[in-house]
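Comments concern the structure below.
The values are calculated or read from the model by the stated rules, or taken from the named source; none is laboratory data. What you see is a predicted model; the values in this text were computed from it and never measured. Cβ: placed from backbone, ideal geometry, glycine included. Neighbour counts: every protein chain shown. Heavy atoms of the whole protein, side chains included, go into the accessibility calculation; ligands, DNA and RNA do not. Shrake-Rupley method; radii C 1.70, N 1.55, O 1.52, S 1.80 Å.
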Amino acid sequence: MNPFRIAAKGILSRAVSSSVTAASIALSVCLLLLVWAFKAEAERSFASADGGFDAVLGPRGSKLQIVLNALYHIDDSPGLMGWSDYEQIKASRAVSAAYPIAVGDNYLGVRLVGTVPEYLADHKYREGVGFELEEGGRLFTGEKLEAVVGSQAAKRLGLGIGDTFQPYHGLIYDPQAKHQEIYSVVGVLGATGTPADRVIWIPVAGIQNMSGHAAAAAESVNAVLLKFHEGARTAGFQLDMLYNRRGDRLTLAWPASQSVLRLFEKLSWFDLALRSIAALVAVIAAAGVTATLYNSMNERKRDIAVWRALGARRRVVFGIITLESMGIVLAGLVAGFVLYLVVGYAAAGLLRERSGVVFSVLAPNSAFWGVPLGVLGIGFLAGLAPAIKAYTVNVTKDLV
Amino acid sequence: MAFDLKACYQMLLLNIENLEKKFRSGKSWSDPVLTVDSFSLEAGQQIAVKGPSGCGKTTFLHLIAGIATATSGTIRIGDSELTDLSEAERDQFRAKNIGYVFQSFHLMRDFTCLENVELGMSFGATVDQEFARSLLVRVGLEDRLNYRASELSIGQQQRVAVARALANRPKLVLADEPTGSLDEVASRRVVSLLQQLCQENGATLLLVSHDRQVVDSFEEKIDFANLNKATLGKGGGRHESV
């Protein structure tokens with residue numbers, strides 16, 4: 001019977017109260033890890049999911065909305081911009097590549113994105129990595145009613161090469177808003193782990209000329225994705241000056257990922273609030289440990305007096321009670337981490353499905369050592385009062 | 001033939017001189033509750049001390065065990081002068097050298113028999129599970145090793161307590177009214193077991209009880225009234241039949 005076993009027996013002898021206390025710690029640990037790790041990982045994921053573009057040009061409006069719409073395919077477009085604007089920016093000496101993006105239709109809730117085939121053929125969405133088609137597929141041609149389906153969208157809709165579909169108007173599925181055109185799937189993209197997986201790609205002319213669209217749409221796009229020439233460091237500043245400061249028709253979101261990071265900055269108060277709540281839950285759980293152990297001390301005075309009569313030194317008794325406290329906290333910590341993995345993987349799956357952003361639940365994060373250390377520290381403090389009470393047990397008085 | 005004082009002294013396991021215990025009440029001290037001029041036990045000796053409840057027998061054992069401290073006087077066990085030791089040193093000494101049987105057994109209710117006996121060797125000696133098991137077999141509980149203490153009869157619990165007192169292979173076993181909660185048959189059995197186990201393990205046994213039958217089962221016995229001057233106001237402690 002070493003002190004660890006004696007402490008474990010103590011915890012097990014109060015299984016119900018120990019379990020409830022450990023469960024409350026598990027919840028707080030899970031909450032802390034989720035808030036902490038998810039924010040860091042979400043920032044990293046969104047920041048690195050810029051699709052390999054330096055900037056996005058869109059109609060006058062919110063930069064964040066332009067980026068979310070054109071890069072992440074998760075928001076409405078702020079409006080339209082002229083085809084001539086696309087041609088103008090494409091001709092800019094600082095720009096190495098410009099791809100138009102047009103939206104406005106869906107198929108069973110999956111967004112249709114109009115662009116030029118060069119985007120899928122030439123663009124590297126990550127350093128040296130371009131889009132690849134699954135075997136037997138090809139890219140759509142400029143004018144025909146052809147589509148290339150993202151990997152996730154293909155899975156969700158059950159679409160494969162040779163299948164046909166009729167788009168619906170709007171970004172939200174409305175069975176009454178079916179277009180007349182019938183599109184054929186000519187290719188399925190391999191998985192990229194980017195928002196491109198979640199959409200159906202069609203020629204930009206397809207969106208522009210879809211039946212029922214306003215005439216103005218034929219000469220418009222919703223945004224232009226931009227890649228600058230390497231070494232053109234001042235390009236961003238110059239274009240920012242041109243469109244954002246001097247101009248009043250268009251908005252340049254540059255750097256592309258910064259707009260999303262600014263959103264996280266704006267949400268920092270919410271993050272702080274969540275962290276505070278999680279920390280408060282941890283403190284309340286620790287108070288539960290203190291209360292559970294402290295109250296049990298009255299009924300355990302006799303047992304502790306017996307330990308002392310059998311030769312246990314005061315510091316050994318102090319250590320055993322502290323170990324009990326740490327044991328409950330450790331159990332809560334482990335359970336909390338398991339809970340975090342379960343919730344984390346579920347949330348990561350949902351996030352990937354909704355935004356296409358790949359979230360790594362186990363990516364190295366300071367939360368993975370900060371939270372356990374903090375919670376164990378709180379556990380030690382929580383065990384102090386009961387341990388001191390045990391330390392001061394009067395053997396001759398309580399050994400009756 | 002020359003008298004060898006050193007050899008004679010070495011044979012003594014316990015030697016008490018001028019022991020006095022008072023309790024502090026606020027700033028003042030109580031009258032002595034225990035005053036023992038002289039008391040000694042030889043290694044391997046077994047002795048019963050008889051006295052009514054509340055006469056200071058438990059305090060006497062607590063002082064010998066180092067659980068309580070004497071107001072004055074000396075308690076020597078083997079080569080160690082207990083009154084010179086700090087509290088932590090006395091705890092360590094007790095863990096290694098003294099076994100204790102309590103009137104109310106004081107077993108850990110949620111521990112098994114085996115764990116309760118192992119607890120007796122957990123704070124000073126090396127935990128020897130085989131020895132713990134053999135002690136329980138010796139007290140007739142081989143089929144109850146993994147039973148919780150709360151699942152045992154009163155007599156079985158006291159047998160576990162006896163095994164626990166021997167678990168740290170003590171030099172001295174102190175038994176404080178060990179049969180107080182038992183019927184006559186169980187009392188005889190437990191006392192006999194205690195005597196046999198102490199003899200087998202070479203431990204000295206000092207038992208205090210108010211029960212005349214228990215005391216009479218010892219060859220050597222002493223009336224606590226003859227030992228404690230504070231109670232009688234006279235007399236000293238010598239081992240003699242009562």
Given (1) of a type in the set (Phe, Trp, Tyr); (2) open to solvent by less than 30 Å² (accessible area, probe 1.4 Å); (3) closer than 20 Å to residue A:396 by Cβ, index of the condition residue B:29 fails
(2)
Quick one: residue B:88 ticks every box in (1) under 20 Å from residue A:313 (Cα atoms); (2) more than 10 Å from chain A (Cβ to nearest Cβ); (3) not acidic (Asp, Glu) bar one, so which box is it?
(2)
Is there any pair with a first residue in region B:68-83 that is within 12 Å of residue B:172 (Cβ to Cβ) and a second that is open to solvent by 30 Å² or more (accessible area, probe 1.4 Å) whose Cβ atoms are under 6 Å apart and which are 6 or more apart or on different chains, and what are they?
B:75/B:83
From the options A:71, A:31, residue that is of a type outside the set (D, E, K, R), modelled with pLDDT under 90 and in contact with a strand residue (DSSP E or B) (Cβ under 8 Å, 6 or more places away or on another chain):
A:71
Index of the failed condition, residue B:25 passing every other in (1) within 28 Å of residue A:314 (Cα to Cα); (2) within 19 Å of the chain's Cα centre (by Cα); (3) free of Cβ contacts under 8 Å to residues at least 40 places away in the same chain:
(2)
Output yes when any residue across region B:109-119 is assigned to a helix (DSSP H, G or I), over 22 Å from the mean Cα position of the chain (by Cα) and at pLDDT 90 or above, and no when none is.
no
Filter region B:138-178 down to residues that are buried (at least 24 other Cβ atoms within 10 Å of the Cβ), in a loop (DSSP other than H, G, I, E, B) and among the polar types (S, T, N, Q), then give me how many there are.
1
I need the full set of residues from region B:116-135 which are closer than 29 Å to residue B:60 by Cα and either touching a Leu at 6+ places or on another chain (Cβ under 7 Å) or crowded, with 19+ Cβ neighbours inside 10 Å (or both), in order please.
B:116, B:117, B:118, B:119, B:120, B:121, B:122, B:123, B:124, B:132, B:135
So, in region A:27-54, exactly how many residues are open to solvent by 10 Å² or more (accessible area, probe 1.4 Å) and more than 30 Å from residue A:257 (Cβ to Cβ)?
1
By residue number, the members of region A:293-305 that are crowded, with 22+ Cβ neighbours inside 10 Å and polar (S, T, N, Q) are none
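Give the residue that is farthest from the other protein chains (Cβ to nearest Cβ), with candidates limited to residues of region A:306-344 that are open to solvent by 40 Å² or more (accessible area, probe 1.4 Å) and aromatic (Phe, Trp, Tyr). Outline the logic, then answer.
As a first pass, look at region A:306-344 and keep what is open to solvent by 40 Å² or more (accessible area, probe 1.4 Å): A:313-315, A:318, A:323, A:326, A:330-331, A:334-335, A:337-339, A:341-343.
The next check asks that each one be aromatic (Phe, Trp, Tyr); those that pass are A:318, A:337.
Numbers: A:318: 12, A:337: 29 Å.
Ranking the qualifying residues of region A:306-344, first place goes to A:337.
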How many residues does region A:5-41 contain that are in contact with a Leu (Cβ under 8 Å, 6 or more places away or on another chain) and more than 11 Å from chain B (Cβ to nearest Cβ)?
9
When region B:103-120 is checked residue by residue, the ones that are of a type in the set (Ser, Thr, Tyr) and either at the interface with chain A (Cβ under 7 Å from one of its Cβ atoms) or without any contact (Cβ under 8 Å) to a residue 60 or more places away in the chain (or both) are B:112
Inside region A:350-377, can you point out the residues that are modelled with pLDDT under 85, part of a helix (DSSP H, G or I) and open to solvent by less than 70 Å² (accessible area, probe 1.4 Å)?
A:351, A:355, A:367
Conditions (1) touching a Ser or Thr at 6+ places or on another chain (Cβ under 9 Å); (2) over 30 Å from residue A:330 (Cβ atoms); (3) not polar (S, T, N, Q); number of the one not met by residue A:41:
(2)
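Hey, among B:193, B:135, B:152, which residue is away from chain A (no Cβ under 14 Å), within 26 Å of residue A:316 (Cα to Cα) and hydrophobic (A, V, I, L, M, F, W, C)?
On the way: B:193 fails: within 26 Å of residue A:316 (Cα to Cα); B:152 fails: within 26 Å of residue A:316 (Cα to Cα).
Exactly one of B:193, B:135, B:152 is away from chain A (no Cβ under 14 Å), within 26 Å of residue A:316 (Cα to Cα) and hydrophobic (A, V, I, L, M, F, W, C), namely B:135.
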Those residues of region B:60-85 which are within 13 Å of chain A (Cβ to nearest Cβ) and within 14 Å of the chain's Cα centre (by Cα) amount to B:60, B:61, B:62, B:63, B:64, B:65, B:66, B:67, B:68
